[in-house]
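Presented below is the structure to which this report refers.
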Amino acid sequence: MTAIVIGAGPAGLAMAACLKRKGVRVTLLEQSQAVGNAWRNHYGRLHLHTARERSGLPHRPMPKHFGRYPSRLNMIEYLQDYADHFDLHPQFGIRVETVRPNTSVDATSATGPDTPRWRVEHTQGSHLADTVIFATGLNGTPNLPDIPGLDSFPGQILHSSAYQSPETLPPGPALVVGFGNSGGEIALDLAQSGRPVSMSVRGPVNILPKEFLGVPITSLGLLRKLFGHRLADRLTAPLLRAKIGRPEDYGLINPGKGPASQVVEDGRIPLIDIGTLDAIKSGQITIRPGLTAIDGNTARFTDGQSAPFDTLLLATGYRVDLHALLPDSPQVLDPQGRPHVSGGPSGADGLYFCSYQASAEGQLRQSGIEAQAIADLITT
């Protein structure tokens, strides 16, 4: 049996390792020049929000010397070690263009008596395989919002994926647009460097402490599994209020549902606090409502107020749209181009998707769970 795995980040490496352990011949395609390329380009202070013990990929725990919350550099080291340990050799510099049902046998990997079901066309030719697994993950393409007047802004504009450190930005006031975990950590990084920082928060949000009673908050997913997400939220709400308060205490909008419900029902991960909330309370970070327009260096907000900024940081997340890559299989995708099913049968024989489902317990853990599930499905 042959398989093509698209992407050599954590999900792709986990997928390739699980398949290889089951005797599947795996071709691993990666458009960059290194495994875990996204981690190599993340901002310097980034650490996992999930504990080391629950963040390792299948069959290869993270080493203890990484500490409780591994750093970006730890992750780069781990992913390279993971590839080396399982003797994974991605084909780098290959950008996949289309994945189609196979109607011929003219390709570099066409071997064996049976005609492979899938044809992967890419920038260096094509491959055939019995199975194709997309493992490019949730953080594929930066989501850039359509903000009126954005092209008039004279300062620096960056998506959070391009942020490195405060020293790489102009020294004046910065506006972080968005309130996810990247936005919260970048805002804190800028505030601690001594510059004025505002965060524009358009919608309702949930906030969580990084740890509760000494236990990493992402390790408390057992409550959701035992009681369901809504009851788990009701049980934990009084404890969370006592620990960090309510969103309204920080000038934020309460979503009217708990963090577990927000993940399960809306696919949105709450902000896991690493110090951002204290910076808001102390005035180091100013909370502002939704951004309506940019006029030169002036940002205008939904409450009618405005303020000047030298830097705009767009912590507006990512989008996944696989329509162009799967022109003959639209039934496996939703209208936005995201897979209907991640970690299970897609509805098209031999086609799978790994780690396209947001998880409150950490995306690395989710990647490993889905990779093992897919490998079992393929080989049984």
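The values are calculated or read from the model by the stated rules, or taken from the named source; none is laboratory data. Since the model is a prediction, treat every value here as computed from it, not as a measurement. Note: areas computed on protein heavy atoms with side chains; ligands, DNA, RNA excluded. Shrake-Rupley method; radii C 1.70, N 1.55, O 1.52, S 1.80 Å.
For the chain, modelled as a GNM whose springs connect Cα atoms under 10 angstrom apart, the maximal fluctuation among L271, L351, L325 occurs at L325. For the cross-link pairs K210/K257; K22/K257; K22/K64, the ones whose C-alpha atoms lie over 31 Å apart are K22/K257. Given their separation in residues at 0.36 nm each and the Cα-Cα distance between them, T123 and A242 gain 37.4 nm when the chain is fully extended. In terms of its C-alpha gyration tensor, the stretch 317-374 comes out oblate, because a/c is 1.5 or above while a/b does not outweigh b/c. Database remark: amide H of Y318 closer than 5 angstrom to the amide H of N143 (H placed geometrically; neighbours at sequence offset of 5 or more, or on other chains; Pro and chain starts carry no H). Element breakdown for the chain at a 1.4 angstrom probe: carbon and sulfur atoms account for 50% of the accessible area. If you line up the long axis of helix 72-85 against the longest principal axis of the chain, both from Cα atoms, how many degrees apart are they, to the nearest 10? The two axes meet at around 10 degrees.
Of all the Cα-Cα pairs you can form in the stretch 238-379, what percent are over 28 Å apart? Summing the P(r) tail past 28 Å for the stretch 238-379 gives 42 percent. Would you mind checking the tilt of helix 181-192 against the longest principal axis of the Cα atoms of the chain, expressed as 0 to 90 degrees and rounded to 10? Tilt of helix 181-192: around 40 degrees. Calculated mean residue ellipticity at 222 nm for the chain: -8000 deg cm²/dmol, from DSSP H runs with n ≥ 4 weighted as -39500 (n - 2.57), summed, divided by the residue count and rounded to 500. The orientation-averaged shadow of the Cα convex hull for the stretch 213-284, equal to a quarter of the hull surface, comes to 5.1 nm². Classified by the C-alpha gyration tensor, the stretch 1-100 has an oblate form. Its axis ratio a/c, with a ≥ b ≥ c, is 1.5 or above, and a/b does not exceed b/c. Contact order, relative form, for the chain: 23 percent (alpha carbon pairs under 8 Å, 6 or more residues apart, mean separation divided by residue count). The angle between the Cα long axis of helix 10-21 and the main principal axis of the chain comes to about 30°, on a 0 to 90 degree scale. In terms of the Cα gyration tensor, with a ≥ b ≥ c the square roots of its eigenvalues, is the stretch 28-87 rounded because a/c is under 1.5, prolate because a/b exceeds b/c, or oblate? It is oblate, given that a/c is not under 1.5 and a/b is not larger than b/c.
Converting phi to 3J(HN,Hα) with the Karplus coefficients 6.51, -1.76 and 1.60 and the offset θ = phi - 60°, the stretch 22-30 yields 9, x, 7, 7, 10, 10, 10, 9, 9 Hz in sequence order, with x at every glycine or proline. Quote the relative contact order of the stretch 285-380 in percent (integer), defining contacts as alpha-carbon pairs under 8 Å separated by 6+ residues. Relative CO of the stretch 285-380 lands at 14 percent.
Taking I133, I253, I207 in turn, the Gaussian network model of the chain (Cα-Cα springs below 10 Å) assigns the largest fluctuation to I253.
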